Amino acid sequence: MDKTLRDAERSGDSAKLLRERLKVGEIDREIVILAARLGHPGANALFPVEVMTDALDTVFLGASSAIGVQGRVRLLADWAEAVADLWSFEYPKDGRPKAAVEAARAWADCPCPDHLAVATAARTAAQAALGVANAMLADADWLDEESAEYSRFYARRAIRAAALAASAASATTGADVHRDLIAAFERAEEDEGEWQRLRLAGYLLGEIKW
């Protein structure tokens, strides 16, 4: 590694490190600008563009395409694990979403036919679990107002968790999960959405090591 680059890495200054990585051609300018749009502090210091308030589709498509299939699987698995308790709170004995995330990670570590088969089966199981939560949401219409509000709240939380788990497993097949990424981001709460953006930027810049 170039001494200047090594010194920048040791400095802890992400903008300085990105600047040096750009100089030596280790990373493309377009990638850093995408990371800046996602709100990465160092990238935004170099390229002070507006953080993703519009063009959501374009920014997510560019970033998720750049990290490749394995990167998308890992990203979705990260997002799913971050909200796994939303499912387990409502369905503590149903481990299908968790199994889907584990299968997705196993495939990302070793993308072989055996792991793909396990991930494909786990995706189907997680989608069935998602159906349970969707049914819970629909059944809320038959409840009194207060109970319905409570039921819908927890059903939507469970749906978020199961949908992400199913998407992580689905991504192992090379399926287009771009819309899944956007849907998950749009469902996220404010702090969670920021974390999701920065997690994607971390993969994009190679800061999150596989």
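The values are calculated or read from the model by the stated rules, or taken from the named source; none is laboratory data. What you see is a predicted model, and the numbers here were worked out from it, not measured in a lab. Virtual Cβ from ideal backbone geometry, glycine too; neighbours counted across all protein chains shown.
A few comments on the model shown:
- Tallying residues that are touching a residue at least 24 places away in the same chain (Cβ under 8 Å) and farther than 22 Å from Gly206 by Cβ within region 43-79 yields 2.
- Just one of the listed residues (Ala99, Ala126, Ala63) is in a helix (DSSP H, G or I), small (Gly, Ala, Ser) and not assigned by TED's automatic domain parsing to the domain that holds Tyr150, and it is Ala63.
- A single entry from Ala117, Ala163, Ala138 fulfils the requirement of being assigned by TED's automatic domain parsing to the domain that holds Pro92, of a type outside the set (Phe, Trp, Tyr), in a helix (DSSP H, G or I) and crowded, with 16+ Cβ neighbours inside 10 Å: Ala163.
- Selection within region 166-197: residues that are more than 27 Å from Pro41 (Cβ to Cβ) and either in contact with a Pro (Cβ under 8 Å, 6 or more places away or on another chain) or basic (Lys, Arg) (or both). The member of this set that is surrounded by the fewest Cβ atoms within 10 Å (Cβ to Cβ) is Arg179.
- Restricting Glu30, Glu50 to residues that are exposed (fewer than 13 other Cβ atoms within 10 Å of the Cβ), charged (D, E, K, R) and modelled with pLDDT of 90 or more narrows the list to Glu30.
- Test: residue in region 151-158 that is modelled with pLDDT of 90 or more and part of a helix (DSSP H, G or I): yes
- A single member of Asp191, Asp176, Asp114, Asp109 is of a type outside the set (S, T, N, Q) and closer than 19 Å to Leu61 by Cα, and it is Asp176.
- Filter result for Ala201 (in contact (Cβ under 8 Å) with a residue 12 or more places away in the chain, of a type in the set (A, V, I, L, M, F, W, C) and in contact with an Asp or Glu (Cβ under 9 Å, 6 or more places away or on another chain)): yes
- Residue match in region 198-205 (condition: at pLDDT 85 or above, surrounded by 15 or more Cβ atoms within 10 Å (Cβ to Cβ), not in a helix (DSSP H, G or I) and not aromatic (Phe, Trp, Tyr)): yes
- Among the residues of region 166-195, those identified as assigned to a helix (DSSP H, G or I) and either of a type in the set (Phe, Trp, Tyr) or closer than 19 Å to Leu116 by Cα (or both) are Ala166, Ser167, Ala168, Ala169, Ser170, Ala171, Phe185, Trp195.
So that you can scan it fast, the table gives a plain yes or no per residue for (1) under 19 Å from the mean Cα position of the chain (by Cα); (2) more than 21 Å from Ser88 (Cβ to Cβ):
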| position | (1), (2) |
| --- | --- |
| Glu102 | yes, no |
| Ala119 | yes, no |
| Ala129 | no, no |
| Glu149 | no, yes |
